[in-house]
Amino acid sequence: MCGIVAYIGSSNALPVLLDGLRRLEYRGYDSAGVALLQSGRIDVRKAVGRIANLAEEIEKNPVSGQIGISHTRWATHGAVTRENAHPHSDRSGRLHLVHNGVIENYQTLREQLIERGHEFHSQTDTEVLAHLVGEAFEQSATQDKGSLVEAVRSALRQVIGTYGISVVHADVPGVIVGARRGSPLVLGIGKDEHFLASDVSAIVAHTRDVVYLNDYEIVALQAEGFEISTVSGGGAGFQISRVEFDASSVDKGKYPHYMLKEIHEQPNTVRDAMRGRLSLEEATAKLGGLNMTNSELRAVDRIVLAGCGTAFHSAMTGEYIIESLSHIPVECEFASEFRYRNIPLQRDTLAFVISQSGETADTLAALRESQRKGHRTLGICNNVASTIARESDGGVYMHAGPEIGVAATKSFTSQLTIFTLLGLLLGRIRHLSHSEGRDMIAQMEKLPDLVARTIELESQVAAIAKKYAQAKNFLFMGRQAHYPIALEGALKLKEISYISASGYPSAELKHGVIALITEDTPSLFIAPRDAVFEKNISNIEEVKARKGPVIAIGTEGDTALKKICDDVILIPDAPHYLSPILSVIPLQLLAYYIAVELGCDVDKPRNLAKSVTVE
Ligand code: F6R
């Protein structure tokens, strides 16, 4: 949520900043701004809306410099206006600051600053921080790098909340100061140039050597070096990491949208989620990152899965998959509710938090709450350098590569693949026989091909999308593990096409939802050939009897659905623990093509941002 890019070196900072902001636009796109330092003065340009608007503004009113900070905003405090766009400055107008996060005590601090004669020009919490740093700097005896770092430290000690910040001051021209608490910040190391960004994707085109800052760390960047210290005043060690992916992984390639690219990546991403984790010899899955012995895993008598949004839907699907394979009771919790609900967790409960970004504030809070209660808490994350990945007691990486489209797709199927691996591992420790384990592995090895075959249904799904794109309301129905897939299909449609959509267990229809059925309300049934196929058919008949149009997702070779449904999409046959990975793909494509048909901005839906780092 919100993106920061900063540059200091000998090149023109502007293209680095604008290119970085474009790559971070998925984190927020309400407004954007830059502050560039040259010849002892700082020039600021801001625009409401996308980075393209900022670029246009700069074209009309050029700026340049070799030191600069920049920001793309997802509004929290204050409306989407030019005044509220970052960077914000202090009362001297010589200090500029960009911020990602929320300053919770900003009202109190603002009132105190006003009493001390400060004037504010925005409704943001960030401006308070700029004034606090500026005031501390004014009061320092010297005007050098050390005093700017000290001023940032003094301001941060007064704030309650989360921040990833980047600060420049015209009086200290060779330095950018950054700091983080709760909002990610990564330092990029180049040759006589350094970068700061909320996410490596913004800087990977320039350097792959990075340092992921920890909470409460402050970094002072210069062209030729950097120093890291802590908010409390001590020094801090650091580790240089090499980014595994290159700039092409964060490009759209031949696809018009990231979402479509990421849907198409799924044969590879499910393969990567399994890579090196299946042992035919032992007929089980190997998940070394869990950091648990088989006897510790054997003692687990309950599992809790927590996540938000799509990750919560994957947890719900995981509940079916893990319970059926391991016979261990599984419960799902919205991560956003977890810490407030105070659920009783028994001693041998194993908790997992699921997060693509590894930065979702609610999910991080769930992790910390579970750990505070003394529970081993594991993470299922995609972003290897994320806070959740670093703070959890172990876990499983998705290895899905960067997911940029705001609507999660490939991370969802990677999460389901990991739940199947977990089910296999836990099941083999308990009741699954060696030959059952080997059968499962044989089935899982076919998964990438089955996913690829499902994606080949694209043109058929696109035609169906065109037919139903004008519907004002959509219903999604499924049973058992396909019920959360119905929820996920509805979420995908809502978030990128703004069509009202909801998901239900098919049988719940007659308990109320059926009142919504009209000739203009399409119902999508996920009805593969499984133990509840006939039950789904009865529910479809109930809709057809009321003249509701029905789209069905069935299994290849099925003929029954075609007789009663308006449109049928047939996916490859797969065992129950893999079938949801396939059935969600037509729903991702359907949402995508409906949004395209309606002219919506697929990768940047309104009001949304990827990586929700505020509560
Ligand atoms: C929906 C979507 C969101 C995220 C949710 C959690 O398409 O992307 O619902 O799934 O914000 O994000 P992560 O997985 O990063 O914790």
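Just to confirm my filter: which helices (runs of 4 or more DSSP H) fall fully inside the range 254-333 and include at least 1 residues that are charged (D, E, K, R) and out of contact with any Gly (no Cβ under 7 Å at 6 or more places or on another chain)?
Correct list: 266-274, 294-299, 310-326.
Confirm whether Gln371 is away from the ligand (no atom under 15 Å from the Cβ), within 26 Å of Ala385 (Cβ to Cβ) and either touching a residue at least 12 places away in the same chain (Cβ under 8 Å) or part of a strand (DSSP E or B) (or both).
Yes; evaluated as a whole, the condition is true for this residue.
Could you check the range 59-88 and list, in sequence order, the residues that are in contact (Cβ under 8 Å) with a residue 40 or more places away in the chain and over 30 Å from the mean Cα position of the chain (by Cα)?
Val63, Ser64, Gly65, Gln66, listed by residue number.
So if I check each of Glu111, Glu56, Glu127, which one is modelled with pLDDT of 95 or more and in contact with a strand residue (DSSP E or B) (Cβ under 6 Å, 6 or more places away or on another chain)?
One residue alone meets the criteria, Glu127.
Looking only at the range 179-199, filter to residues that are farther than 22 Å from Thr360 by Cβ and in contact with a helix residue (DSSP H, G or I) (Cβ under 9 Å, 6 or more places away or on another chain); which one of those is surrounded by the fewest Cβ atoms within 10 Å (Cβ to Cβ)?
Restricting to residues being farther than 22 Å from Thr360 by Cβ and in contact with a helix residue (DSSP H, G or I) (Cβ under 9 Å, 6 or more places away or on another chain), the top hit is Glu193.
Just name the residue that is nearest to the ligand (Cβ to nearest atom) out of those in the range 573-615 that are aromatic (Phe, Trp, Tyr) and not in a loop (DSSP other than H, G, I, E, B).
Tyr592
Just checking: which of the strands (runs of 3 or more DSSP E) contained wholly in the range 129-218 hold 1 or more residues that are over 30 Å from Glu115 (Cα atoms), in the same structural domain as Phe238 (by TED's automatic domain parsing) and in contact with a Gly (Cβ under 9 Å, 6 or more places away or on another chain)?
Those strands (runs of 3 or more DSSP E) span 186-189, 194-197, 209-212.
Assuming Phe334 fulfils every condition listed in (1) within 9 Å of the ligand (Cβ to nearest atom); (2) over 17 Å from Ser198 (Cβ atoms); (3) at pLDDT 95 or above apart from one, which condition is it?
Tallying (1) within 9 Å of the ligand (Cβ to nearest atom); (2) over 17 Å from Ser198 (Cβ atoms); (3) at pLDDT 95 or above, Phe334 fails exactly one: (1).
From the residues in the range 299-316 that are more than 13 Å from the ligand (Cβ to nearest atom) and of a type outside the set (A, V, I, L, M, F, W, C), which one is nearest to Asp362 (Cα to Cα)?
Top of the filtered list is Arg302.
Does Ala223 meet the test of being closer than 30 Å to Asp439 by Cα and buried (at least 16 other Cβ atoms within 10 Å of the Cβ)?
no
Check whether at least one residue in the range 517-536 is of a type in the set (Val, Ile, Thr) and under 17 Å from Pro586 (Cα atoms), and report yes or no.
Scanning the range 517-536, I find at least one residue that is of a type in the set (Val, Ile, Thr) and under 17 Å from Pro586 (Cα atoms), so the answer is yes.
Among (1) within 16 Å of the ligand (Cβ to nearest atom); (2) within 28 Å of Leu378 (Cα to Cα); (3) in a helix (DSSP H, G or I); (4) at pLDDT 95 or above, which single condition is Leu421 missing?
It fails just one condition, (1).
Only one of these conditions is not met by Glu369: (1) in contact with a Ser or Thr (Cβ under 8 Å, 6 or more places away or on another chain); (2) under 20 Å from Val612 (Cα atoms). Which number is it?
(1)
Given the conditions (1) within 16 Å of the ligand (Cβ to nearest atom); (2) in a loop (DSSP other than H, G, I, E, B), and given that Arg347 satisfies all but one, which numbered condition is not satisfied?
Condition (1) is where Arg347 drops out.
Determine, yes or no, whether Ser502 is away from the ligand (no atom under 16 Å from the Cβ), in the same structural domain as Cys565 (by TED's automatic domain parsing) and hydroxyl-bearing (Ser, Thr, Tyr).
Spelling it out, it is not the case that Ser502 is away from the ligand (no atom under 16 Å from the Cβ), in the same structural domain as Cys565 (by TED's automatic domain parsing) and hydroxyl-bearing (Ser, Thr, Tyr).
The values are calculated or read from the model by the stated rules, or taken from the named source; none is laboratory data. All values reported here derive from a predicted model rather than from experimental measurement. All Cβ positions, even for glycine, are placed from backbone atoms using ideal geometry, and neighbour counts span all protein chains on display.
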